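A short write-up of the structure that comes next.
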Amino acid sequence: MPPPPLPMLPLLLLLCPLLPRADPLSYPAVISPQDPTLLIGSSLVATCTVSPDFPLKAEDLYWTLNGRRLPAASYAALGPSTLSVALARLNGSRQQSGDNLVCHSRDGGILAGSCLYVGLPPEKPVNITCWSKNMKDLTCKWAPGTEGETFLHTNYTLKYKRRWYGQDNTCQEYHTAGTYSCHIPKDLALFTPYEIWVEASNRLGVAVSDVVMLDILDVVTTDPPSDVHVSRVGDLEDQLSVRWSSPPALKDFLFQAKYQIQYRVEDSSEWKVVDDVGNQTSCRLAGLRPGTVYFVQVRCNPFSIYGSKKAGIWSDWSNPTAASTPRSERVAGGCDPKGGEQNTTLRRELKQFFGWVKKHAYGCSNLGIKLYDQWRVWLQKSHKTRNQVGSSRR
Amino acid sequence: MAAADSPSAALRRDLCSRGIRLAGKMRADVVDLLDAYVEQQGLDASASVAAVEGVPLAAVERWDEQTGTQRLLENLAAYRAFRALLAQMLEEQREQLGEADAGLGRALAAVLLQVSAFAYHLEELLRLESRGIPGEEEEDGPPPPPRLSLFEQKLRGLGVLRELAQWAVRSVRDLRQLAKPSPATGAAPSLAESP
């Protein structure tokens, strides 16, 4: 007669509540080693020993690893009720919660299990970079090491101290700026260098990064510029004017700021960057497509805060502001058969322009494309006025 | 008829229908959590985990014959047990994996919150019937949880979530029974008398 099927291990826990938990004989079987940690490529011989209270022999048992049955060729009966399995050249654990090595009875019941943690020790974290928003806090991020994957849960701890007399502090708020980052919200001193490093640890060891030294004043960034306005330049169909205010948080500090603008058309994801804006808080975008919606963003780089010699860190981009260029009145593309007529128009316009310059510009220093643009705005305004007068007469 | 309902019957029916919605949402969330858990732990979704120590079983014989109070008390005891078991799972999850799988941790915490809310809801229903709320075992000092191996912890988690999903189904049915109007009066039955 075949032996009756065994209750599952957890069911046995339920049925035998009075048995002391520490006694391994309380359970159908025990696996040795229990929950081991191993290096990738190493080998392991595990044994499953059934309690003498259960009528199971070694030949009634089989093994699975992560649910897959292991070949009988890797088994050896080490006693009447002990079956071993040999695992060679182990790969990294499939899940960070550990691979499941399970000893089963012939009917598939679970007799015992062991979690295998197979991986690599952590590597030294690298590329630590930090920034302080308005000199009030500090955020640092890092890379986990050249290889990265350890196949084991790896814990990262960012530590910092004032260089000469501080004691070690541990950062508490992780993952604030990505997987490998930590945020120190307060209690930071200015005018003193800090030492910052990251410790990586897992079941197979600990690795400590190089120490980075920094002064908060050298890593300041700020909020994006506020009140970004984008407007048309009269009826100029190829231009938009951008104005903004400097970030309020830095107004009281001794600092300089430089700005960048980026813009794109509505149906494209490609931004064009204007990086020669300097410290102005307005700029005119030229060479745009007529009758097109543009998105514009501005960012700020505060530098030389309290005399710091380091290049500043760019803020995030402001939220996109949209505006459209005026629609062109001329028909775009195609050939104009009245070339001669157009030449005459151009000549007339130029004559008009030079007449206007004589009246409105003093000397040659001001003569430039801006002046030409101003004239075109003036011209279009005067056309409009004439048209309005004409239509009201009709 | 609704117009003929006493205020307490209407309140009970309202509490029952809110409880049914809570249990339905909990069931859906637990099923999702179970999928995520099985994947993260590398377990076989069909692994036989017949019963786990300390986990109240949803399976019940002669369910039709239970009184309303009995239903509420069994539900309350079960959800109080699940609250403790889920808190323990969350703690073990954090110990083992830290923030490595924050998504699973958040889902576990969300279900734990739903279980706590549902237990409170059951207490409200019992209070409505002027029934004493049974004290929690924690007040007497619970026995320390047995130290399980890591594999046993995985299996216990699977058992807890599976059984909680079953309980959510049973609770919906229990509350529907409680919300049924009594055939004699047209009002909801007294909890002690309801079959």
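The values are calculated or read from the model by the stated rules, or taken from the named source; none is laboratory data. Quick caveat, the model's predicted, so the values are computed rather than measured. No Cβ is skipped: glycine too gets one built from the backbone with ideal geometry, and neighbour counts run over all protein chains shown. Heads up: the accessible areas ignore ligands, DNA and RNA and are worked out on the full protein's heavy atoms, side chains in. Shrake-Rupley method; radii C 1.70, N 1.55, O 1.52, S 1.80 Å.
What's the number of the only condition in (1) within 14 Å of chain B (Cβ to nearest Cβ); (2) open to solvent by less than 50 Å² (accessible area, probe 1.4 Å) that A:Tyr62 fails to meet?
(1)
Say whether the condition of being open to solvent by less than 60 Å² (accessible area, probe 1.4 Å) and without any contact (Cβ under 8 Å) to a residue 40 or more places away in the chain is met by at least one residue in segment B:15-31.
yes
Please find, within segment A:280-310, the residue that is nearest to the chain's Cα centre (by Cα) out of those that are of a type outside the set (A, V, I, L, M, F, W, C), more than 23 Å from A:Glu266 (Cβ to Cβ) and open to solvent by less than 30 Å² (accessible area, probe 1.4 Å).
A:Asn301
Would a scan of segment A:28-42 turn up a residue that is of a type outside the set (D, E, K, R), open to solvent by less than 30 Å² (accessible area, probe 1.4 Å) and modelled with pLDDT under 95?
Yes, segment A:28-42 has at least one match.
Listed residues A:Asn134, A:Asn100; which is touching a residue at least 24 places away in the same chain (Cβ under 8 Å) and away from every other protein chain (no Cβ under 11 Å)? Walk me through how you get there before you give the answer.
Working: A:Asn100 fails: away from every other protein chain (no Cβ under 11 Å).
Testing whether each residue is touching a residue at least 24 places away in the same chain (Cβ under 8 Å) and away from every other protein chain (no Cβ under 11 Å) leaves just A:Asn134.
Looking at this structure, is B:Tyr79 in contact (Cβ under 8 Å) with a residue 24 or more places away in the chain, among the hydroxyl-bearing types (Ser, Thr, Tyr) and within 14 Å of another protein chain (Cβ to nearest Cβ)?
no
Select from segment A:16-26 the residues that are facing another protein chain (nearest Cβ under 9 Å) and either closer than 30 Å to A:Leu204 by Cβ or at pLDDT 95 or above (or both) and list them in ascending order.
Residues satisfying the conditions are A:Arg21, A:Ala22.
Would a scan of segment A:164-176 turn up a residue that is assigned to a loop (DSSP other than H, G, I, E, B), exposed (fewer than 14 other Cβ atoms within 10 Å of the Cβ) and touching a residue at least 60 places away in the same chain (Cβ under 8 Å)?
Within segment A:164-176 (the criterion being assigned to a loop (DSSP other than H, G, I, E, B), exposed (fewer than 14 other Cβ atoms within 10 Å of the Cβ) and touching a residue at least 60 places away in the same chain (Cβ under 8 Å)), the answer is no, since none of the residues qualifies.
Within segment A:270-297, restricting attention to residues that are among the polar types (S, T, N, Q) and assigned to a loop (DSSP other than H, G, I, E, B), which residue is farthest from A:Ala322 (Cα to Cα)?
Keep residues of segment A:270-297 that are among the polar types (S, T, N, Q), which gives A:279-282, A:292, A:297.
Remaining after also requiring assigned to a loop (DSSP other than H, G, I, E, B): A:279-281, A:292.
Working: A:Asn279: 23, A:Gln280: 20, A:Thr281: 18, A:Thr292: 10 Å.
Among those that are among the polar types (S, T, N, Q) and assigned to a loop (DSSP other than H, G, I, E, B), it is A:Asn279.
Tally up the residues in segment A:208-227 that are modelled with pLDDT of 95 or more and either open to solvent by less than 30 Å² (accessible area, probe 1.4 Å) or part of a helix (DSSP H, G or I) (or both), please.
Matching residues across segment A:208-227 total 1.
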